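The values are calculated or read from the model by the stated rules, or taken from the named source; none is laboratory data. None of the values given here were measured: they were computed from a predicted structure. Cβ atoms come from the backbone with ideal geometry, glycine included; neighbour counts cover every protein chain shown. Heavy atoms of the whole protein, side chains included, go into the accessibility calculation; ligands, DNA and RNA do not. Shrake-Rupley method; radii C 1.70, N 1.55, O 1.52, S 1.80 Å.
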Amino acid sequence: MKNEQTASLQRKLELLVRAGLLLAQSTDLKALVQSATDVGLELCGAQFGAFFYNVVSDTGESYQLYTLSGVEPEKFSQFPMPRNTAVFAPTFEGTHIVRSADITKDSRYGHNAPHHGMPAGHLPVRSYLAVPVQAQSGEVLGGLFYGHRETDVFEQEAEDLIATVAAQAASAIENFRLRQLLTRKIEDLEQAEQEGNESSKHLAELAAIVESSDDAIISKDLNGHIMSWNQAAARIFGYTQEEIVGKSILTLIPPELHSEETVIIRKIRAGERIEHYETVRLKKNGELVDVSVTISPVRDKSGTIVGASKILRDISGRKRVEASLLQAEKIAATGRMAATIAHEVNNPLEAVMNLIYLAQTNAGSSEEVKGYLRAAESEVVRVSHIAKQTLGYYRENASAMSVSLADLVSDAIRIYEPRCKAARIQLHSDLTPRRRVLVRKGEIMQVISNLLANSIYAMPSGGTLSLSLQDTDSPAGPGVILTVEDSGTGIPAEQLPRIFEAFYTTRNTIGTGIGLFIAKQFIEGHGGQITAASSTDPASHGTRMSLFLPAENTQPAS
């Protein structure tokens, strides 16, 4: 079931990314709204959907059109356009999203004449989802409507996905309108220049269009100096027009990407246009922003290229969705591999367990040898659990039990002490708390072992490894804190926030990036917390990992 949910999420994210790209690049309004309607239908699982949108003609007349998905147009043509009733009003007025498990049971339903509900023969709608398509200015451009004959079809995920599609469609429609308006004004301007009149008026109108664009529109000369800067550019980058005009375009480009500008200027001088070039640019506050850039040569009246105009779109939201998709793909792939790993690793472990049993029965009276074999057997059992627990594919079936955390840490120290001696690492421990914790022993043992192994890896030339336990009364309640601290190389500050992410590793040659990810899942699954602090300062380098586990509740239930 988990793999199916991950695969479904992966497919929906991928569809959402493709839809965003398609809508952003569409130059045909009808095709644009049809794509939005179709994508929404697939994302939310509706039987039928419609996109009612407002259109303004060249003469200024306003009227409404619609697209359908999941139903033949002739089945809908006999019904009137939706009115601003109590059910439809929130959508057409842009006040909020309407999601109903059964619209026929909704308090707003059936109060408006002449139909008092659905007209006779109307498509059967029980589950209902309607999302306004609204411009940044607040203007309602239309609405996306989806229905299903069964109840309780649309969950919160469906609402979130359709809201994203509506936002993408609104941006695309606004840009379509601006392109239309810009094209008409440019044509008017060219005609005015030929006729020699009203050019200043048209220039003012053209400037207004540039200022109202959601995308940054910037012009520069052939030396790379910024000549114009609209409001969207100020919003995206944080510079006012007064601050930036006259400065080099390199102000917006990270130093390591300055070579891009040389290539761009060369192409512009050759009269080439650069379309939808994805790169990274620099904000005033130092943050990086993912952008898509289209650059065109600017010519004077004689046709000589004198500069370039840039239309720049912030695509950081889309990049975040793509990153989520990539993460989902990785987790899905690892889930599929986990079964194979558990099978392939557990087969040889079974043989090792048998060999250990034979060794124990033939060890004679040597208690030391028997002790080593018992420890080896314990570790083989734990490795078997680790194989199954890869990315949570398998959870430990054993019930939680009351244990002394000091005993678990002592067992782990006994196993890793020989490795510490071989690596010239001094091992210190202070394991004095009296509180017990209620945990799944195998999972917590895996967490402790992972922290010890990471610390040993961080000290290839020797160092100090300290483990301490402390009873605490935190805001989360009474519990025990385990601190594992090493004098290793440390983790750079920019990497530290990501160490608990799946597949993120600070090791260049080894490491899967799942150890701390799993540790965090296990600790939080016990109601605890795990935190990290680290320094790469030559004078005080090292890493401190702290995990909190709630103490066992010894009070009887009331």
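Things worth noting here:
- The lone exception for Ser399 - which of (1) open to solvent by less than 20 Å² (accessible area, probe 1.4 Å); (2) in a loop (DSSP other than H, G, I, E, B) it fails: (1)
- Filter pass, Glu287 being modelled with pLDDT of 90 or more, open to solvent by 60 Å² or more (accessible area, probe 1.4 Å), farther than 23 Å from Val306 by Cβ and within 24 Å of the chain's Cα centre (by Cα): yes
- With respect to being open to solvent by less than 70 Å² (accessible area, probe 1.4 Å) and closer than 17 Å to Asp314 by Cβ, Thr279 fits the description.
- Top-ranked residue of the stretch 522-531 - restricted to ones that are under 14 Å from Val447 (Cα atoms) and of a type outside the set (Phe, Trp, Tyr), ranked as most open to solvent (accessible area, probe 1.4 Å): Gln529
- Residue pairs meeting the criteria (Cβ under 8 Å; at least 6 apart or on separate chains; first under 13 Å from Arg419 (Cα atoms), in the stretch 456-470; second assigned to a helix (DSSP H, G or I) and open to solvent by 20 Å² or more (accessible area, probe 1.4 Å)): Ile456/Tyr416; Ile456/Arg419
- Taking the stretch 231-272 as the range and being in contact with a helix residue (DSSP H, G or I) (Cβ under 8 Å, 6 or more places away or on another chain) and over 14 Å from Ile218 (Cβ atoms) as the test, only His258 passes.
- Taking the criterion of being modelled with pLDDT of 75 or more, more than 32 Å from the chain's Cα centre (by Cα) and open to solvent by 80 Å² or more (accessible area, probe 1.4 Å), the only residue of the stretch 67-94 that qualifies is Glu72.
- Counted residues, the stretch 422-477 - those being more than 15 Å from Gly488 (Cα to Cα) and in a loop (DSSP other than H, G, I, E, B): 8
- Selection within the stretch 425-483 - among the β-branched types (Val, Ile, Thr), open to solvent by less than 40 Å² (accessible area, probe 1.4 Å) and within 36 Å of the chain's Cα centre (by Cα): Val437, Val439, Ile444, Val447, Ile448, Ile456, Thr472, Val480, Thr483
- Taking the stretch 229-247 as the range and being free of Cβ contacts under 8 Å to residues at least 60 places away in the same chain and not in a loop (DSSP other than H, G, I, E, B) as the test, the residues that pass are Trp229, Gln231, Ala232, Ala234, Arg235, Phe237, Gln241, Glu242, Glu243, Ile244.
- Where a residue in the stretch 128-144 is more than 18 Å from Asn175 (Cα to Cα) and its partner, wherever it lies, is β-branched (Val, Ile, Thr) and in a strand (DSSP E or B), with Cβ under 6 Å and at least six apart: Ala130/Val98; Leu144/Val131
- Scanning the stretch 134-153 for residues that are under 13 Å from Gly49 (Cβ atoms) and in contact with a helix residue (DSSP H, G or I) (Cβ under 6 Å, 6 or more places away or on another chain), we see that the one that is surrounded by the fewest Cβ atoms within 10 Å (Cβ to Cβ) is Gly143.
- In the stretch 484-494, the residues that are of a type outside the set (Ser, Thr, Tyr) and open to solvent by 50 Å² or more (accessible area, probe 1.4 Å): Glu485, Ala493, Glu494
- If only residues of the stretch 154-164 that are of a type outside the set (Asp, Glu) and in contact with a strand residue (DSSP E or B) (Cβ under 7 Å, 6 or more places away or on another chain) are counted, the one that is most open to solvent (accessible area, probe 1.4 Å) is Ala163.
- For the stretch 402-424, the candidate set comprises residues that are open to solvent by 40 Å² or more (accessible area, probe 1.4 Å) and hydrophobic (A, V, I, L, M, F, W, C); within that set, the residue that is modelled with the lowest pLDDT is Ile415.
- Any hit, the stretch 297-309, residues being under 35 Å from the mean Cα position of the chain (by Cα), open to solvent by 80 Å² or more (accessible area, probe 1.4 Å) and in contact (Cβ under 8 Å) with a residue 60 or more places away in the chain: no
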